[in-house]
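Student: One structure coming up, written as structure tokens, with questions to follow.
Derivation of every value follows stated rules applied to the coordinates shown; laboratory data play no part. Remember, it's a predicted structure, so these values are computed and weren't measured experimentally. Ideal geometry is used to build each Cβ from the backbone, glycine not excepted, and the neighbour counts take in all protein chains shown.
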Amino acid sequence: MSRLPVAPTQSPVQLRGDYAQAAPDFRVAQNYDNYTADEQAIWRTLYERQLGLLGEHAAPEFLAGLRLLGADAGRIPVLAEASERLKRLTGFEVIGVPGLIPEADFFAHLAERRFPVTVWMRRRDELDYLVEPDLFHDFFGHLPMLAHTVFANFIQAYGALGERAQGPAQLKMLARLYWYTVEFGLVATSRGLRAYGAGILSSSGETVYATRASGPARIGFDLQRVLRTNYLIDAYQKTYFVLDDIEQLFDSVLEADFDALFAQADLPAYEPDARLPIDQPVASTSTF
Ligand code: HBI
Ligand code: FE
């Protein structure tokens, strides 16, 4: 495979997966029998740890999606089985990939309702943090929300936007949108702030921090603000953006004029901890 993806993180990382077996669109087989007993145990540990936190911290849409996926702590899920379920729910397929793939391929898959899921599991010494998304992050973190019709529509629209973006500055804007919603998004509910972002819900530490810590700012979601706000990849977020409801995400990109927004790509970005007069702070029941 000549075209190895440039990992979309600020620090170039050595990609872990086996890209040599990947198809031109980066699909790989899951090779289920290759998972070791320890990898099955790591899945169980991660799943059970997160399950204990979801009731208090996860958006109801995430909880509903996780149930619909039918996975459990007992074993690493078979991607083809989850794909069958998800396809019936929102038309999204699940495809195995060796890890991070080039942005153009990633966007093309999303635009055609295919979600790439890394096929390898993290090591035991990476339970709390790893740089590149593994199967647990992608499957447990991302797939439940793809069972939600409107969120699935947003992800497809996001993929189509990616195919429209021209050049690194516009791609960076879209990476910020993905980061502050799909990865680290919060939503307001009648029972307080809940997380729907995969980066939050696949991390036990950030699941509690994002919804309860007093340190970070929590700001009402504003598309233009998010598109211009840089993010930290190796620390808890300084700023979380809060949706009024999941539909707001799809509505915001549907109504937006991306020709005008992309034209602002070269404007200076806001720092991750920026506080602006236009920001609408959202109260949280901080407990620490
Ligand atoms: N590849 N497999 C995979 N998973 C991702 O989440 C991913 C990717 N490539 C690019 C990428 N994310 C980011 O650049 C997004 O912001 C597009
Ligand atoms: Fe992710």
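Student: In whole angstrom, how far apart do the alpha carbon centroids of segment 236-287 and segment 128-170 sit?
Tutor: Here the two parts' Cα centres lie 17 Å apart.
Student: For segment 69-144, count the residues as N, evaluate 2.2 N^0.38 Å, and divide the Cα radius of gyration by that value, please.
Tutor: With N residues counted in segment 69-144, Rg over 2.2 N^0.38 Å equals 1.09.
Student: Compute the projected area of the convex hull of the Cα atoms of segment 14-114, averaged over all viewing directions, and report it in nm² to one decimal place.
Tutor: In nm², the orientation-averaged hull projection of segment 14-114 is 7.7.
Student: Scan around ILE219 for amide H atoms under 5 Å from its own, H built in the peptide plane at 1.01 Å from N, and keep only partners 5 or more places away or cross-chain.
Tutor: TYR240, PHE241, VAL242, VAL282
Student: Roughly what % of Cα-Cα distances in the chain sit above 35 Å, to the whole percent?
Tutor: When all Cα pairs of the chain are counted, 12 percent exceed 35 Å.
Student: Where does segment 152-199 land on Rg/Rh, using Cα atoms and the Kirkwood Rh?
Tutor: Rg divided by Rh gives 1.08.
Student: With N set to the number of residues, divide the alpha-carbon radius of gyration of segment 129-211 by 2.2 N^0.38 Å and report two decimals.
Tutor: Relative to the rule-of-thumb radius for its length, segment 129-211 sits at 1.15.
Student: Excluding THR149 itself, calculate the net charge of residues whose Cβ lies under 15 Å from the Cβ of THR149, where each Lys or Arg counts +1 and each Asp or Glu counts -1.
Tutor: Computed value for this residue: 0.
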